[in-house]
1. For the condition surrounded by 19 or more Cβ atoms within 10 Å (Cβ to Cβ), within 30 Å of K32 (Cβ to Cβ) and either of a type in the set (A, V, I, L, M, F, W, C) or at pLDDT below 70 (or both), what is the one hit in L60, L91, L156, L95?
2. Would it be correct to say that S72 is exposed (fewer than 14 other Cβ atoms within 10 Å of the Cβ), free of Cβ contacts under 8 Å to residues at least 60 places away in the same chain and not in a helix (DSSP H, G or I)?
3. Assigned to a helix (DSSP H, G or I) and either free of Cβ contacts under 8 Å to residues at least 40 places away in the same chain or surrounded by fewer than 13 Cβ atoms within 10 Å (Cβ to Cβ) (or both), is that true of S54?
4. It is to be established whether one or more residues within region 36-49 are in a helix (DSSP H, G or I), outside the structural domain of N110 (by TED's automatic domain parsing), more than 22 Å from the chain's Cα centre (by Cα) and of a type in the set (S, T, N, Q).
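The values are calculated or read from the model by the stated rules, or taken from the named source; none is laboratory data. In this text, all values refer to a predicted model and were calculated from it rather than measured experimentally. Backbone-built Cβ (ideal geometry, glycine too); neighbour counts: all protein chains shown.
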Amino acid sequence: MEEKKTDRRVKYSLMVIKESFIKLLKQKPISKITIKEICDDADINRATFYAHYSDQYDLLHQIESELIDGISRYLNSYDFEDLSKAPVEMLEKILEYIKDNSELFNLLLNSNGDIQFQQEVTKIIGQQHFSSMATDKDISEYMFLFFANGAIGIILKWLKDGMKKPAREMAELILRLSLNGRVSFEF
């Protein structure tokens, strides 16, 4: 069966809707964004918006889903042959994807974003890297949350700082902190 191509006008409408929404989300929380504002900024009518989304929350959810699917596709496109290097390489690939989509990730992982999106990213990072580190199953969930949330904190700082450090260096830092609990602090 042949996959149906999306009309260029539909692609354009979806693009301008998302761009307008992102522009507004940078200025205020989603609860303060109206469909009218999105449509006015995108120069489309409300019927066009409602043909694709039920409301601004549905639009946000679809953007987040695209990013989460993108991380999965991005990781699946790589063959990690050397398993000893796989955690660093996988985390590096996640960070490269985040960097390629930094505007959205910075927006969605911060104050105007959705906590569920942050939890999904935390889950991906944790499942890829930290879930097998605990030997005691009673504490593995706590370790997973601790390490994955720490990784998100580092990623947020990296985004805020303009991603000046290479993705590989940040991946190594996250894993080193997770495995050793410290870099070189002395108490």
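1. From the options L60, L91, L156, L95, the qualifying one is L60.
2. Numbers: exposed (fewer than 14 other Cβ atoms within 10 Å of the Cβ): yes; free of Cβ contacts under 8 Å to residues at least 60 places away in the same chain: yes; not in a helix (DSSP H, G or I): no.
So S72 fails the test.
3. Taking the combined requirement at face value, the residue does not satisfy it.
4. Of region 36-49, the ones in a helix (DSSP H, G or I) are 36-42, 46-49.
Subset that is outside the structural domain of N110 (by TED's automatic domain parsing): 36-42, 46-49.
Subset that is more than 22 Å from the chain's Cα centre (by Cα): 36-42, 46-49.
With of a type in the set (S, T, N, Q) added as a condition, the list becomes 48.
Yes, there is a match, as at least one residue in region 36-49 is in a helix (DSSP H, G or I), outside the structural domain of N110 (by TED's automatic domain parsing), more than 22 Å from the chain's Cα centre (by Cα) and of a type in the set (S, T, N, Q).
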